[in-house]
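Read through the structure below, which is laid out as structure tokens, and then see the notes.
The values are calculated or read from the model by the stated rules, or taken from the named source; none is laboratory data. Model, not experiment: these values are computed from the prediction. Glycine also receives a Cβ, built like all others from the backbone with ideal geometry; neighbour counts cover every protein chain displayed.
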């Protein structure tokens, strides 16, 4: 039956079933494991632990413009306004139950992988303390540029994954099934290939995909990777976008500017930004952020090794030089001719690299950059007129350069 | 240069240690390797014949750092970067930079990119400490650091070199611990400012020389037993600018214990001398040190540590030093505050910023805290 569903319908179905299962996890004899979005969650899936991502829940609230209100609640609890808006809105949810969704079930255990950021580790520590719930910190040292050091980092991560498996066995009182992991890895590898294919549709002119499509499309990769339905979803998505390519349908008519975006989006300005940029004939094609789930598993390797190799080399755990190389690959592949560098007050892990990255990318591409500072979720740090003025001025500059 | 200093000399040197380090390195023909905090095994750097220097920020204005690290970045990180970029960069031949959080991870990259002609190595400290893999990783990182320094310098070090260096560092810590004990028991004998100047210079000067000064000072101290001091515990990572210690002295607060990375935590876990394997000994030491917010995940443990110290020293109050924009501290602090308050321990949170030159607000708030402890109500 599901073959007939559109990707949108399929996404809703998968999400509804996932949340339904999550809310009844204990009735089904399963546990809820909170996880950072970039983490070897394949181990959870293989062990029948339902992964829940508080970040996703936070995004729903921040996109619905609840950020300022929720963050203020957390600040009244003694936390500063400098902290991540995901964390601040989540702590407000814990305190008040405020949410635009049905909420998320409480955790039975936590997995914090710092390949994404250290913020989540600290945030999960607070939640784990509150519920007296076990927490596993999966420590991923920076993927520094020395080849030998990288080999050692992978070995360290493999040792930790074995510790993680023991941790899961202790918490669930159930033996880990490595054959099941191999099965899960097949699904994760297959969906990752399709997810990347979907993102790479941005290479076509006009591009049938914008970063906003990618941000919507990535959700299933984040919370359902390692499952057959995830593969099915990305196959459907690729088919739909391929049809757009075949018909020459682009995101904007008369596509003029193909832009790179650095950082997470400003969630509460999501559709406004798409419309505003579209009015200039501009489309943001991609960011390193959405590519974070373009995993490249080698199924011929020991699953723990290929998991370690993939999760340590995500953009968020790479050196600034490597991040610049990753972005340059995208510039070349997608023929981009502009870039927006967002300094996101909430996300220090991504943003502290931005000034240096901007210098490197403008030098290497010869393309000027639009830099603006705001917050991905807290509207109090967003100055509408300033951002609009900057965007206008940026396109004037790009126009001038074109002529 | 550092072998026969008086306490007053040490206070002066510690205020601006870099001219003396520069002169010493030139006179001795030695290379200087800077490290930001925390936990880089300085014994290894010293064993290579280099001078390890802790980079502890500058109070001079920020000029270049703001364009590389935004204003919501940890004030110590920005200050350290500024120190290297604008003021003292020439002094250092190389850097070993520990990564313990998102900010220090980026700082290492930014540093390396901005000093292409200098030796810059990252020390990838584990951000977990309770599992066997953490020990495995610390040892690997110490071995990698030795290999990296060896490649850079063209030198190799023997176990004997490392043991000698460890012994010297142990001696330094042992003397400082004795001095701390004297300070604790005999308030007024060594002021807060003097003691933490000794701590600071110990992390920056050549210990072979500086230990002599410390030993002479210790042996010749005339113990006082002044009344009216309020014993306090200082909690945090660092405490800057050093003028804050002057305010503590003015208000007759005696710091009798602390958890600072640049304070008591630096002195914890004397490295066991091992003829067989000094690397193992240094690895073990990593796990003997107390709570450090970025690498330890349990604020309860931090509280227990603080509470134990508070009880053992019979302190009257706790002063928590918050470094502006230190994300790690900011996530921990509300729960820690709650735990401290539950025990009805008087607590004062001091917000510090490395570029602060006016401390009038700090003085006013500490005065009020002092008054409340001396008879008023909290």
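Some observations on this one:
- Test: residue A:327 is at pLDDT 95 or above, closer than 30 Å to residue A:45 by Cα and assigned to a helix (DSSP H, G or I): no
- Annotation note: of B:142, B:230, the sole residue that is within 30 Å of residue A:152 (Cα to Cα), at pLDDT 95 or above and buried (at least 19 other Cβ atoms within 10 Å of the Cβ) is B:142.
- Here residue A:290 passes the criteria (1) within 29 Å of residue A:61 (Cα to Cα); (2) surrounded by 23 or more Cβ atoms within 10 Å (Cβ to Cβ); (3) within 14 Å of another protein chain (Cβ to nearest Cβ) except the one numbered (3).
- Qualifying position, being within 14 Å of chain B (Cβ to nearest Cβ) and within 30 Å of residue A:215 (Cβ to Cβ), among A:181, A:194, A:199, A:127: A:127
- Of the residues examined, residue B:81 is one that is within 14 Å of chain A (Cβ to nearest Cβ), assigned to a helix (DSSP H, G or I), touching a residue at least 12 places away in the same chain (Cβ under 8 Å) and more than 15 Å from the chain's Cα centre (by Cα).
- Scanning the range B:352-378 for residues that are surrounded by 15 or more Cβ atoms within 10 Å (Cβ to Cβ) and outside any loop (DSSP other than H, G, I, E, B), we see that the one that is farthest from the chain's Cα centre (by Cα) is B:373.
- Criterion violated by residue B:136 - all others in (1) surrounded by fewer than 18 Cβ atoms within 10 Å (Cβ to Cβ); (2) touching a helix residue (DSSP H, G or I) at 6+ places or on another chain (Cβ under 9 Å); (3) modelled with pLDDT of 95 or more; (4) under 30 Å from residue B:254 (Cα atoms) satisfied: (4)
- Scope the range A:177-194; condition more than 10 Å from residue A:231 (Cβ to Cβ), part of a helix (DSSP H, G or I) and in contact (Cβ under 8 Å) with a residue 40 or more places away in the chain; matching residues: A:178, A:180, A:181, A:182, A:183, A:184, A:185
- Only one entry in B:194, B:225, B:160 is loosely packed, with under 15 Cβ neighbours inside 10 Å and part of a helix (DSSP H, G or I), namely B:160.
- Residue in the range B:131-147 that is facing chain A (nearest Cβ under 10 Å), free of Cβ contacts under 8 Å to residues at least 24 places away in the same chain, outside any helix (DSSP H, G or I) and out of contact with any strand residue (DSSP E or B) (no Cβ under 7 Å at 6 or more places or on another chain) present: yes
- Hits in the range A:84-115 (condition: surrounded by 24 or more Cβ atoms within 10 Å (Cβ to Cβ) and assigned to a loop (DSSP other than H, G, I, E, B)): A:84, A:114, A:115
- Checked against the criteria, residue A:170 does not count as within 14 Å of chain B (Cβ to nearest Cβ) and part of a loop (DSSP other than H, G, I, E, B).
- Residues that are closer than 22 Å to residue B:301 by Cβ and more than 7 Å from chain A (Cβ to nearest Cβ) were ranked within the range B:96-130; the one that is surrounded by the most Cβ atoms within 10 Å (Cβ to Cβ) is B:104.
- In the set A:168, A:194, only one residue is surrounded by 18 or more Cβ atoms within 10 Å (Cβ to Cβ), at pLDDT 95 or above and within 21 Å of residue A:108 (Cβ to Cβ); that residue is A:168.
- For the range A:130-149, the set of residues classified as assigned to a loop (DSSP other than H, G, I, E, B), closer than 23 Å to residue A:165 by Cβ and more than 8 Å from chain B (Cβ to nearest Cβ) consists of A:132, A:133, A:134, A:140, listed by residue number.
- In a residue-by-residue description of the range A:46-68, the property of being farther than 29 Å from residue A:233 by Cβ and out of contact with any strand residue (DSSP E or B) (no Cβ under 7 Å at 6 or more places or on another chain) applies to at least one position.
- Test for residue A:349: is it modelled with pLDDT under 95, within 13 Å of chain B (Cβ to nearest Cβ) and in a helix (DSSP H, G or I): yes
- Selection over the range A:370-403 of residues that are in contact with a strand residue (DSSP E or B) (Cβ under 6 Å, 6 or more places away or on another chain) and more than 14 Å from every other protein chain (Cβ to nearest Cβ) gives a count of 6.
- Residue among B:102, B:90 that alone is closer than 24 Å to residue A:115 by Cα and more than 16 Å from the chain's Cα centre (by Cα): B:102
- Of the residues screened, residue A:268 is one that is buried (at least 22 other Cβ atoms within 10 Å of the Cβ), out of contact with any strand residue (DSSP E or B) (no Cβ under 9 Å at 6 or more places or on another chain) and more than 27 Å from residue A:313 (Cβ to Cβ).
- Exclusive hit being within 14 Å of chain B (Cβ to nearest Cβ), out of contact with any helix residue (DSSP H, G or I) (no Cβ under 9 Å at 6 or more places or on another chain) and closer than 29 Å to residue A:85 by Cα, set A:312, A:354: A:354
- For the range A:232-260, the tally of residues that are closer than 30 Å to residue A:22 by Cα, in contact with a helix residue (DSSP H, G or I) (Cβ under 8 Å, 6 or more places away or on another chain) and surrounded by fewer than 23 Cβ atoms within 10 Å (Cβ to Cβ) stands at 5.
- Considering the conditions (1) within 25 Å of residue B:41 (Cα to Cα); (2) part of a loop (DSSP other than H, G, I, E, B); (3) out of contact with any helix residue (DSSP H, G or I) (no Cβ under 7 Å at 6 or more places or on another chain), residue B:289 is excluded by exactly one of them, (3).
- Residue B:292 vs. criteria more than 28 Å from residue B:186 (Cβ to Cβ) and in contact (Cβ under 8 Å) with a residue 60 or more places away in the chain: yes
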